[in-house]
Amino acid sequence: MKLNPKFITLEGVDGAGKSTCIKFIKKYLTDKNHNSFFTREPGGTLLGEKLREILLHDEITPETETLLMFAARNEHVQQVITPNLQSGINVISDRFTDATYAYQSGGKYVDSKKITVLKNWVHVNLKPDLTLLFDLPIDVSLTRLKSNGNLDKFEKESSDFHKRIRNSYLDLAKKEPSRFKIIDSNQNINIIEKEIYLVLDKLFS
Ligand code: TMP
């Protein structure tokens, strides 16, 4: 059988409900017997998880933050993502490089050209087959975050910061409509589940 594993990434503003949707994706892939590996960024490796602690809690400059995101990503790509794909296993990553464009460039004004240089260094030939962008208005996402409590550094940022991130993600989606599928996270969870299944059906058909 010809192996054609997929690389799927999940993106969106904080509080967009990715965690619930990951459960739907896991269920779909298990039911259809698609061998899959779930991972996340920043994180996914021993070093990546250590860097995640720093990135989510320590105040560092936006440029250092960008470099550390890509240091973690380099380990992730080389140790986890590429080997799994090469073994025919689908990889689903909770965030990837679009997050750096949205958060560090859109949110914190790092020059996007610098991010592109790092992207071309770390994974010039690797691009997601599908990116699910979970989108919802910022007032809704911030209300959800506040009710969760225990916020990290990014989640504590201003509403303007989160708006810039949302807009950056929507701009990225506009530029690559065939890769991105925008899911309206502000609707009934059963509808969201059905939408995800439809998108995955199309990807794996
Ligand atoms: P999570 O809460 O979805 O696990 O993501 C962790 C946080 O890290 C989230 O607020 C977004 C942020 N982040 C960036 O700022 N840049 C990146 O490149 C990635 C992957 C995540």
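The values are calculated or read from the model by the stated rules, or taken from the named source; none is laboratory data. Being a predicted model, the structure only gives us computed values, none of them experimental. Neighbour counts run over all protein chains shown; Cβ positions are idealised from the backbone, glycine included.
For the stretch 168-183, how many residues are within 15 Å of the ligand (Cβ to nearest atom) and either assigned to a loop (DSSP other than H, G, I, E, B) or of a type in the set (Phe, Trp, Tyr) (or both)?
1
Here are the criteria: (1) under 30 Å from Ile191 (Cβ atoms); (2) within 17 Å of the chain's Cα centre (by Cα); (3) among the basic types (Lys, Arg). Tell me which single one Arg73 does not satisfy.
All conditions are met except number (1).
Which of the helices (runs of 4 or more DSSP H) contained wholly in the stretch 44-139 include at least 2 residues that are more than 10 Å from the ligand (Cβ to nearest atom) and at pLDDT below 95?
none
How many of the residues in the stretch 149-167 are touching a residue at least 40 places away in the same chain (Cβ under 8 Å) and either more than 11 Å from the ligand (Cβ to nearest atom) or part of a strand (DSSP E or B) (or both)?
The total comes to 3.
Go through the stretch 1-16 and count every residue that is within 16 Å of the ligand (Cβ to nearest atom), touching a strand residue (DSSP E or B) at 6+ places or on another chain (Cβ under 9 Å), assigned to a loop (DSSP other than H, G, I, E, B) and not β-branched (Val, Ile, Thr).
The qualifying residues number 1.
Pairs needed: first member in the stretch 107-126, among the basic types (Lys, Arg); second member anywhere, surrounded by 10 or more Cβ atoms within 10 Å (Cβ to Cβ); C-beta distance under 6 Å; at least 6 residues apart or different chains.
Listed pairs, sorted by first residue: Lys108/Pro62; Lys119/Thr97.
Could you grab me the full set of residues in the stretch 17-43 that are within 13 Å of the ligand (Cβ to nearest atom) and not hydrophobic (A, V, I, L, M, F, W, C)?
Passing the criteria: Gly17, Lys18, Ser19, Thr20, Thr39, Arg40, Glu41, Pro42, Gly43.
Thr143: within 13 Å of the ligand (Cβ to nearest atom) and either buried (at least 19 other Cβ atoms within 10 Å of the Cβ) or modelled with pLDDT under 95 (or both), yes or no?
In short, no.
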